[in-house]
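To start, the structure itself, in structure tokens.
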Amino acid sequence: MWTDFDFDKMCEKLAKRENFSFSRWGDGEWMGCPDGMVSVGQLCVDKYEASVWNSAGDTQYGASGDDYLCDDDGKDCAGAIYAYSVEGETPSRYITWFQAQQACAVADE
């Protein structure tokens, strides 16, 4: 029933599961998105497309081919790659959903 629906709890769960940050309104005033993010409706999204890097941050992957350090199923990606949203970097491509999920999880996105 919609009468039992808790929008804030749903947003919190979805944000954790789908790596979104929801914009906040407090007492009718806009409270804004975190730094590096912009508002799209009631969502905050990264300002720039993600690029994927090694844990040291000195090697980018996926800029010109499928050169990720882990398998396509993402099972060995944890800690090996992370997503980084930064202006001026080529967005990473050639990545599977599973690899992207792990890269974003490490980056707390």
**Report entry** Total residues in the range 43-92, condition touching a Gly at 6+ places or on another chain (Cβ under 8 Å), in a strand (DSSP E or B) and among the polar types (S, T, N, Q)
**Finding:** 2
Query raised in the report: Under the condition of being in contact with an Asp or Glu (Cβ under 8 Å, 6 or more places away or on another chain) and free of Cβ contacts under 8 Å to residues at least 40 places away in the same chain, which residue from the range 39-62 is surrounded by the most Cβ atoms within 10 Å (Cβ to Cβ)?
Result: TYR61
Report task. Give the residues of the range 66-109 that are under 17 Å from SER55 (Cβ atoms) and of a type in the set (Val, Ile, Thr), sorted by residue number. Result -> ILE81, VAL86, ILE95, VAL106
Query raised in the report: Counting just the residues of the range 93-109 that are in contact with a Phe, Trp or Tyr (Cβ under 7 Å, 6 or more places away or on another chain) and assigned to a loop (DSSP other than H, G, I, E, B), which one comes out nearest to TYR68 (Cα to Cα)?
Result: ILE95
**Report entry** Residue tally, condition among the hydrophobic types (A, V, I, L, M, F, W, C) and surrounded by fewer than 17 Cβ atoms within 10 Å (Cβ to Cβ), over the range 81-105
**Finding:** 4
Report summary line: For GLY26, the lone unmet condition from (1) modelled with pLDDT of 90 or more; (2) of a type outside the set (Ser, Thr, Tyr); (3) not assigned by TED's automatic domain parsing to the domain that holds ALA107 is (1)
Query - Within the range 29-73, considering residues that are over 15 Å from the mean Cα position of the chain (by Cα) and aromatic (Phe, Trp, Tyr), the one nearest to SER92 (Cα to Cα) - result: TYR61
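The values are calculated or read from the model by the stated rules, or taken from the named source; none is laboratory data. For clarity, every value in this text was computed on a predicted model and none was experimentally measured. Here the Cβ is made from the backbone with ideal geometry for all residues, glycine too, and neighbour counts use every protein chain on show.
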